[in-house]
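This report concerns only the one structure given below.
The values are calculated or read from the model by the stated rules, or taken from the named source; none is laboratory data. Small disclaimer: the values here were computed from a predicted structure and weren't measured. Cβ: placed from backbone, ideal geometry, glycine included. Neighbour counts: every protein chain shown.
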Amino acid sequence: MFAVIVNTVAIVAGSLIGFSLRSGLPKGLTDALMQGLGLCTVVIGVQGAIQESNILVMIISVVVGLLIGESLDADGHVNRFTTRLMSRFARGKGDAGKLVNAFITSCLIMNVGAMVIVGSLDAGLQGEFSMLYTKSLLDFIAGIMMTAAMGIGVMGSALFTLVFQGGIVLMAELIAPFMSDYLIQEMSCTGCLIILGLGLNMLELTKLRIINYLPALAAAPLVAKLAQLLNF
């Protein structure tokens, strides 16, 4: 768990630095930073998604995940809960919306990908922390940039990281037997497709209900395993 704590502290530290920078930046510059982050997020999503080896697995995973997310109105529930939570730290309704957007965006960018899963499994099974330490450095830098562009809501992703990655580390022995390299790759590619959608939202090119796509991450390894069994 030590590496997860380091990652959490790195996000908090990066967010504090980014927030101190944000207070001195004109709005035009913060808007430009937001657009730049959106472009970078799109590139990250494209780079990961094009590594998909079986596009049919991704398509089925997204369709299944989206059906689940839309039927449960996952995006609506998460946004309403997060808005109520964040409103305690906001001055007005508009500020609460910005905090929620920063929180959800940073949670997805920092916690969707193979590095999170593989790094957490390595930490839990082998006591190997190098991948999580590398991620901590990346999240520290990302925390500075995202907070400077979006605000202090980014710091909330530190708690999510602690719970999510910490949960994988603690349950590593139970999870590992079910997670082959192929299944992790399928989860990662599907996650990167979701990140691509997030980047398009950040650029205000789309208004995708990103949270409703997240069940696709759980569907991906199941669909991939079924594809292996049926040889398609």
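With the structure loaded, tell me whether residue 115 is touching a Lys or Arg at 6+ places or on another chain (Cβ under 9 Å) and either part of a helix (DSSP H, G or I) or in contact (Cβ under 8 Å) with a residue 24 or more places away in the chain (or both) or whether it fails that test.
Judged against the criteria, residue 115 is a match.
Quick one: residue 134 ticks every box in (1) among the polar types (S, T, N, Q); (2) free of Cβ contacts under 8 Å to residues at least 60 places away in the same chain; (3) buried (at least 21 other Cβ atoms within 10 Å of the Cβ) except a single one, so which number is it?
(3)
Working only within the range 30-52, note down all residues that are aliphatic (A, V, I, L, M) and either under 17 Å from the mean Cα position of the chain (by Cα) or surrounded by 14 or more Cβ atoms within 10 Å (Cβ to Cβ) (or both).
33, 34, 37, 39, 42, 43, 44, 46, 49, listed by residue number.
So which pairs qualify, if the first residue must be in the range 17-40 and more than 20 Å from residue 108 (Cα to Cα), the second must be at pLDDT 80 or above, the Cβ gap must be under 6 Å, and the two must be at least 6 apart or on different chains?
If the second residue must be at pLDDT 80 or above, the pairs left are 17/144; 21/148; 22/148; 30/149.
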